[in-house]
Amino acid sequence: MDARVNFPFSPAFPAASGLELEGGHNVVYFELDPRTTLATHTDSPEEILVCLDGSEVEVWAGEATGSIGAGELVVVPPMVPHGFRNTGPETARFLGFFSDRTTVSEFEAPVEPLGVTTLRT
């Protein structure tokens, strides 16, 4: 079971289309296998996340908690601790949009397989 993350339009993960994004945004795609958690973390800009697939994903952001599934979205203000846990039977897939081209994410636990707590894109 795994959490997979990709920043498809960042210099570290160039877009296959060759599309160059100018200005203030960044995009992230991630998957959470059943019973997998994306650890609590903060992101420097605001983030809008859309659940593409999945039925039972626990979400926490600051003091708020809830659950989401396919077709629903979450808006996370800058620097608010948040995370996800897939409690459903299928892989959950997300597409996230950051309001700034540069994103610094700080995690409470190391992100595997990278083994780091800070990601910069």
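The values are calculated or read from the model by the stated rules, or taken from the named source; none is laboratory data. Owing to the predicted nature of the structure, the values given are computational and were not obtained by experimental measurement. All Cβ positions, even for glycine, are placed from backbone atoms using ideal geometry, and neighbour counts span all protein chains on display.
Per-structure values
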quantity: Residue, surrounded by the fewest Cβ atoms within 10 Å (Cβ to Cβ), within the range 77-99, restricted to residues that are of a type in the set (A, V, I, L, M) and over 11 Å from Gly62 (Cα atoms); calculated: Leu95
quantity: Tally, over the range 96-119, of residues that are of a type outside the set (A, V, I, L, M), over 15 Å from Met79 (Cβ atoms) and assigned to a strand (DSSP E or B); calculated: 4
quantity: Arg93 of a type outside the set (Phe, Trp, Tyr), under 13 Å from Leu32 (Cβ atoms), assigned to a strand (DSSP E or B) and modelled with pLDDT under 95; calculated: yes
quantity: Inter-residue pairs, beta-carbon under 6 Å, first farther than 20 Å from Ser105 by Cβ and in the range 66-90, second assigned to a loop (DSSP other than H, G, I, E, B), 6+ apart; calculated: Gly69/Gly54; Gly69/Ser55; Ala70/Gly54; Thr87/Glu56; Gly88/Gly54; Gly88/Ser55; Gly88/Glu56; Pro89/Pro34
quantity: Complete set of residues in the range 27-52 that are in a strand (DSSP E or B) and polar (S, T, N, Q); calculated: Thr37, Thr40, Thr42
